[in-house]
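All remarks here apply to the structure that follows.
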Number of protein chains: 2
Amino acid sequence: MGRSNMQQKTLIKLRPNLTRLSQTAPPTLAAFAIWVLDHYDEVAFSSIRSLADKANVNANTVTRLSKELGYDGYDAFRADVQLALRARTIGYAARAEALRNRDGGDVYSEMIAANRANAEAVFSPEMLRLIEQCVPTLLVARRIYAVGVRSCYSIAHYLSYVGGMAFNNFVSVPAQPGSILDQLSRAGPEDIVIAISFEHYSTEVIRATQIARDVGARVLSITDSHASPIAAGAWRVVPLPMEGPQFMPSINAALIVAELLLAGMMARSADAVANIKSFEDRIEKFGGYQRGAPVSG
Amino acid sequence: MGRSNMQQKTLIKLRPNLTRLSQTAPPTLAAFAIWVLDHYDEVAFSSIRSLADKANVNANTVTRLSKELGYDGYDAFRADVQLALRARTIGYAARAEALRNRDGGDVYSEMIAANRANAEAVFSPEMLRLIEQCVPTLLVARRIYAVGVRSCYSIAHYLSYVGGMAFNNFVSVPAQPGSILDQLSRAGPEDIVIAISFEHYSTEVIRATQIARDVGARVLSITDSHASPIAAGAWRVVPLPMEGPQFMPSINAALIVAELLLAGMMARSADAVANIKSFEDRIEKFGGYQRGAPVSG
DNA sequence: CCGTTAATGATTCATTTGCATTATTTTTGC
DNA sequence: GCAAAAATAATGCAAATGAATCATTAACGG
C-alpha cells in the first residue's frame, strides 16, 4: 500500500518533470523530453535502443533522461510508465473472468473489442478534425436533410429528431421511404444532405446523393469507405469502421459521429439550448412527457 | 489502411481464440490460456521468461501458445497485445493536443470521456450477465415488440429492423406513434415488450408498459434508472448511464445494449445467419442494394 | 506388458538488452 | 582564439531475451 502510493506520487510528478526538462535541459535532452511527452506510451513498450531509434536520438540520451528524472536507470523509468498504463486496464481482468466459461462469451467479448476499436477510430484526431470542419457549415446551412434507410434509418432519424429540437434547419425524416427523394428534389445549393449508408449500400441513399449533386446541395457522407458509392462527389466523407461479429456489423460508430456533430453544433450555438428547452416545454404541455418517481437522496 | 484493418481484425479475434484454446488445448496450455485471459496486459510488458514465471509455467509454454494463436512467435503475439493496449491509450496525448486550443474542444473531450464511461458501464460483468439472461427468453418469445419514441425511436427501429432480418418474432415498429398502442393490445403472455425511454420519460412508452402488464406480456425496460416509470413491474430492467455534455444525454449505451442483445440471440440461433442472408438476397433482388466500387488490394 | 505418440520440460545459442566506460563534439568563460 | 567544461556519441560487456533443439514424462491402444 505504502509502496504503491509512493509510486503513484512519482507517476504524478513524471509529466511536470518532463516539462521542466524540456525547458531547462540541454537541447538534445530537451527535445527528447518533449518527444517523450508526446509519445508517452512508446516508453512502456520499447527498449532503450528502439526508443532511441524512434525518437532519433542516441541511445545514451535515453539513459541520461531516465537518470535526470531521478530513476536509477531506464528500467525503473519504463516500469513507472508501464504502471501508469496498467492503471487504465484495471477492471478488464474482472470482465474477462466474468465472460469466460459462459455461453456466447465469445460474442460478447468480440462485441466489446469491436466497439472499442470503432469508438477509438472515431475519436482519432483526424476524425475529430473532420467532424469539426463540418460543424460551421451545418450551422449556417439553410436546410439539413438526414438520409438513411433500413438499419441506417435509425441514425438518420436520431440526427434529424435531436437536431430538430435544437435547430430549425433540420428537416424531419419522412416516414415513407419514397418521400425522401421528393423532399430532396426541393433542396438547393445552400442545403446539406447527410447521407448514411454502409455495405450493402442501399439504392435509395445512393439515389439521394445523386439528386443532391444535381440540385447543387453538398453531401456529407457517413459510410464505410471512400470507395463507397455515396462517397463519390461528396462534400465531406466520414469513413467509419463497422467491426463486429461476422454476422453483424455495428452502426455504433455512426451514432457516435451523429452525436458528435450535434454536440459540436450545439456548443457553438447560443440558442440551441434554449430551443431544446422550449421544445421540451411544448411536449410536456401536451402531455408527451411524464415525470419519473422521486428518487431518494 | 489495409494493414491496420487486418491487425484490428486479429485483435478482435484474439480473445475468442484464447477462449477456444482454454477449452480444446492440452491442460497446461489451456490453463495458461486462461491465465492470459485474466492477465491480458502482463503479456504486453513481459518477456517470455518473466511471463512464464508470473504464470508459473514453463517458458516454452509461452512460445507454444503464441504459435498456437497463429503468430510467428512470442514477439508477434506481444506486439498485438501492445497494440490493443495502445488503442486504449493512443491519442490520449495526440487527442489532447488536437483538442487543445480549438473551439469547442471541451465538448469533444467531454463526449469522448462520456462515451467511454457509458460503454464501460454496459460492458461491466453484471450488465453482461443481465443481457445474457434476456437472450434465451427473447429467442423463444412468440413476438417481440420494440417500443420507443422521439430520440429513442431510433433504438427501437434498429432493434426491430435488424432483429426482423434474423428472426421472425420481431414485430416491425409502426410509423405512426398511435399505432404502437393498437399493436400492443394484441400482445399476450408469450410476448416480450422491449421498452426504451429515458428522462424525460415519454407518455407513450409508459402507456405501452402498462398495456403490456395488462395483457400479461413481459417488459424488458431499457432506461436510465430502476426508479424509471417504465421500470415498474418490468420483467427485466437494464439501467443505463446517459452521460454526455449537459445539454445532450447520449443514447449510445442503449444502442450498444441493442446490438449486444441481437448478437447474443444470433450467436445462439442456427438459422439467424441464413435468415439474414435470404433477407438480403430478397432486397438485392428487388434492387434495394447496390454493389460498391471495387476496392484496390 | 510394451511401444507409440502427444505433451511438457530442460538445454543451448545467436541476439539483444541495459549500463558503464571511453571518445568526440559542442558550448562556455576569459 | 582557446582551453575548460559540459553535452553528446560510440564502444564494450555481462546479463537477458527469443527461438530452436533435445530430453523427459504421461496417455493410450494393442
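Every number here is computed from the coordinates shown, using simple stated rules; none is lab data. Please read all numbers here as calculations on a predicted model, not as lab measurements. Here the Cβ is made from the backbone with ideal geometry for all residues, glycine too, and neighbour counts use every protein chain on show.
Please compute the alpha carbon radius of gyration of region A:115-285, then divide it by the globular-protein estimate 2.2 N^0.38 Å. Two decimals is fine. Don't jump to the answer; show the numbers that get you there.
Numbers: Rg = 15.4 Å, N = 171, 2.2 N^0.38 = 15.5 Å.
Dividing the Cα radius of gyration by 2.2 N^0.38 Å gives 0.99.
Go through A:Ala175, A:Gln246, B:Val215 and say which Cα lies farthest out towards the positive end of the charge dipole of the protein assembly as shown; charges sit on Cβ, +1 for Lys and Arg, -1 for Asp and Glu.
The residue sitting most towards the positive pole is A:Gln246.
Assuming a ≥ b ≥ c are the square roots of the Cα gyration tensor eigenvalues, decide whether region B:30-77 counts as rounded (a/c under 1.5), prolate (otherwise, with a/b larger than b/c) or oblate.
Details: a/c = 1.30, a/b = 1.24, b/c = 1.05.
Rounded is the answer for region B:30-77, as its axis ratio a/c remains below 1.5.
If the reach is capped at under 13 angstrom between alpha carbons, list the aspartates and glutamates near A:Lys54, excluding any in the same chain fewer than eight residues apart.
The qualifying aspartates and glutamates are A:Asp38, A:Asp41, A:Glu42.
Nothing charged except the Cβ atoms of Lys and Arg (+1) and of Asp and Glu (-1): what's the magnitude of the dipole of region A:115-285 about its Cα centre? Round to the nearest 20 debye. Working shown, then result.
Details: 14 positive and 16 negative charges, 61 e Å.
Charge dipole, region A:115-285, about its Cα centre: 300 debye, nearest 20.
Over chain A, with a Gaussian network built from C-alpha contacts below 10 Å, which listed residue (A:Ala175, A:Ala33, A:Ala232) shows the highest mean-square fluctuation?
Looking only at A:Ala175, A:Ala33, A:Ala232, the largest GNM fluctuation is found for A:Ala33.
What fraction, in whole percent, of alpha-carbon pairs in the protein assembly as shown exceed 37 Å separation? Please report the intermediate quantities before stating the final value.
On the way: 68580 of 176121 pairs.
For the protein assembly as shown, the share of Cα pairs beyond 37 Å comes to 39 percent.
Which distances in nm, rounded to one decimal and ordered from shortest, link the label point of B:Pro136 to the equivalent label points in the other identical copies, with labels set 7 Å from Cα toward Cβ?
Label point to label point, same position, other copies: 5.8 nm.
Measuring from a point 7 Å out along Cα→Cβ, what nm distances, shortest first, does B:Thr28 have to its partners in the other copies?
Ordered by increasing distance: 4.7 nm.
Treating only the Cβ atoms of Lys and Arg (+1) and Asp and Glu (-1) as charged, compute the dipole magnitude of region A:185-297 about its Cα centre; round to the nearest 20 debye. Write down the numbers at each step before the final one.
Numbers: 10 positive and 12 negative charges, 52 e Å.
With Lys and Arg at +1 and Asp and Glu at -1, about 240 debye.
Do any GluC sites (Glu not before Pro) in region A:137-233 lie in a loop, going by DSSP, with at most 14 other beta-carbon atoms within 10 Å of their beta carbon, and if so which?
Working: sites: A:Glu190, A:Glu199, A:Glu204; in loops: A:Glu190, A:Glu199.
Taking region A:137-233 and a limit of 14 other Cβ atoms within 10 Å, the loop GluC sites (Glu not before Pro) found are A:Glu190.
Can you give me the distance in nm between label points at A:Ala31 and B:Ala79, each placed 7 Å from the Cα along the Cα-to-Cβ direction?
2.8
Say the dipole of the protein assembly as shown comes from +1 at the beta carbon of Lys and Arg and -1 at that of Asp and Glu; which of B:Gly188, A:Gly163, B:Ala76 then lies farthest toward its positive end?
Sorting the options by dipole projection puts first B:Ala76.
Calculate how steeply helix B:125-140 sits against the longest principal axis of the alpha-carbon atoms of chain B, using the helix alpha-carbon long axis, and give the answer as 0 to 90 degrees to the nearest 10.
50
Any idea which of A:Ala231, B:Leu85, B:Val57 is furthest toward the positive side of the dipole for the protein assembly as shown, if Lys and Arg beta-carbons carry +1 and Asp and Glu beta-carbons -1?
In the protein assembly as shown, that residue is B:Val57.
Using a Gaussian network model of chain A whose springs link C-alpha atoms within less than 10 Å, name the residue from A:Ala254, A:Ala227, A:Ala30 with the highest mean-square fluctuation.
A:Ala30
Put the label 7 Å from Cα along Cα→Cβ for B:Lys54; what are its distances to the other copies, in nanometres, shortest first?
Spelled out, the distances from B:Lys54's label point are 1.8 nm.
Using a 10 angstrom cutoff on alpha carbons, build the Gaussian network for chain A and name the most mobile of A:Asn252, A:Asn275, A:Asn58.
Among A:Asn252, A:Asn275, A:Asn58, the largest GNM mean-square fluctuation belongs to A:Asn58.
Enter the mean number of other protein chain beta carbons within 10 Å of the beta carbon of each residue in B:111-118, as an integer. Kindly include the intermediate steps, with their values, before the conclusion.
Working: counts 10, 7, 0, 2, 8, 4, 0, 0.
Taking all residues of B:111-118 together, the mean is 4.
To the nearest whole number, what is the average tally of beta carbon atoms from other chains within 10 Å of the beta carbons of peptide A:120-129?
On the way: counts 10, 3, 3, 10, 5, 9, 3, 1, 10, 4.
For peptide A:120-129, the averaged partner shielding equals 6.
Could you give the length gained on full extension between B:Val273 and B:Arg20, defined as 0.36 nm per residue of separation minus the Cα-Cα distance, in nm?
On the way: separation 253, 0.36 × 253 = 91.08 nm, distance 2.13 nm.
Gain on stretching B:Val273 to B:Arg20: 88.9 nm.
Give the value in nm², to one decimal: projected area of the alpha carbon convex hull of chain A, averaged over all directions. Mind showing how you got there, number by number?
Working: hull surface 93.9 nm².
Value for chain A: 23.5 nm².
Per-residue counts of other Cβ atoms within 10 Å, averaged by peptide: what ranking do you get for B:22-28, A:180-186, highest first? Working shown, then result.
Numbers: B:22-28: 12.9, A:180-186: 16.0.
The densest-packed peptide leads the list: A:180-186, B:22-28.
Counting partner chain Cβ atoms within 10 Å of every residue's Cβ in A:258-267, what's the average?
6
About the Cα centre of chain A, how large is the charge dipole given +1 on each Lys and Arg Cβ and -1 on each Asp and Glu Cβ? Please answer in debye to the nearest 20.
Values: 30 positive and 28 negative charges, 149 e Å.
It works out to roughly 720 debye.
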